[in-house]
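Structure, as structure tokens:
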Amino acid sequence: MSQYYKPNRKPDHNYGGSKWTLSRSKIDLFLDCARCFYLDNKLGVARPPGFPFNLNSAVDALLKKELDAHRVLGTQHPLAKAYGLDAIPLAHAQMDEWRDALRHGVKHVHRATGLTVRGGVDDIWINKEGELIVIDYKATSKDGKIESLDEEWHKGYKRQLEIYQWLLRQNGFKVSDTGYWFYANATKDREAFDGRLDFELTLVPYKGSTDWVDGTLLELKKCLDSDAIPAAGEDCDYCRYREAAGVSLRDAQNKTKTREPSPNIKEKTPTIKKYATRDANEYSENKTAQLF
């Protein structure tokens, strides 16, 4: 088994376990594919992870150090000044805890469902009106200046920022509707690599809406409490793969059984053998249909 993939979690980390919490990424998974969410959180079988983006992690770590220097001094980051955003990094005793996505994050117990919801922010700024501004770091390498995020797959980025806004509001803070993606875009117009990358930094504003969060949490809780396996997401490649692989493996197994007659069945009873094989195939097909 790959060191990066441990499909079966311990019961304590599944829904109902003492260590289970609802992270921001799990909410996003539910909205993408309720079946994958159910398999992950109710049955404890997670999707295979992608490989870690070490360059992105390095950019995040360096940006945090840079912003922390301004946080200590109470000064504005040059990029905020360039965009006319009159805000500085928030100095708060829980900042390190809020940024710890794996163990802590900003937390809130949702009263209607009892779910502990959490999400680890990249940064939080504060403006002159005392409003908190959610800042989310992104690193990439694209041609042209990044000024908006309008692709279909950017929906996840938007939901991510909105969950952070919702969590901070649930903790009693005044939060600006507008958050920002702090983008570091590696340029490709240098003559040679020379052991370094140059990044163009931009702030991309987004006016979020958290109206969808409470309703989603209610649906999510209903899904977790049900014994019925949810439908697969329309665009879920993981579910399509599991379905196709399951059918192909079943067909291959049935062909093998057909070619290799059981030594316990005598030649004089071909009719019994025929119907036994047919019934087994029908049972297998019915069980597969229930799963997919």
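Each value in this text was obtained by applying a stated rule to the coordinates, not by laboratory testing. Everything quoted here is computed from the prediction, not taken from an experiment. No Cβ is skipped: glycine too gets one built from the backbone with ideal geometry, and neighbour counts run over all protein chains shown.
Taken as Cα centroids, segment 228-259 and segment 5-58 sit 22 Å apart, rounded to the nearest whole angstrom. Measure up K26/K107; K64/K138; K6/K42; K107/K158; K10/K155; K81/K107 against 21 Å on the Cα-Cα distance and list the ones that go over. Correct reply: K10/K155; K81/K107.
Over the Cα atoms of the chain, Rg to Rh with Kirkwood Rh, two decimal places? Don't jump to the answer; show the numbers that get you there.
Working: Rg = 25.4 Å, Rh = 22.7 Å.
For the chain, the value is 1.12.
With an 8 Å cut-off on Cα pairs and a minimum separation of 6 or more residues, tell me the relative contact order of segment 1-160 in percent. Walk me through the intermediate numbers first.
On the way: 181 pairs, mean separation 31.2, N = 160.
The normalised contact order for segment 1-160 reaches 19 percent.
Summarising the label geometry, the points placed 7 Å from Cα in the beta-carbon direction at D150 and A93 lie 4.6 nm from one another. Applying a 4.7 Å Cβ-Cβ cutoff to the chain, the cysteines left without a disulfide-compatible partner are C223.
In plain terms, the chain is cut at each of the GluC sites (Glu not before Pro) found in a DSSP loop with at most 11 other Cβ atoms within 10 Å, and the longest leftover piece is 1-128. Of the chymotrypsin sites (Phe, Trp or Tyr not before Pro) found in segment 35-132, those in coil by DSSP whose Cβ has at most 16 other Cβ atoms within 10 Å are F53, Y83.
Looking at the chain, identify the longest residue range that excludes and avoids all trypsin sites (Lys or Arg not before Pro) in DSSP loops having at most 14 other Cβ atoms within 10 Å. If you can, show how the numbers build up before the last one.
Details: sites that count: K19, R103, R111, K128, K142, K145, K174, K188, R190, R196, K266, K268.
No qualifying site falls inside 20-102, the longest such stretch.
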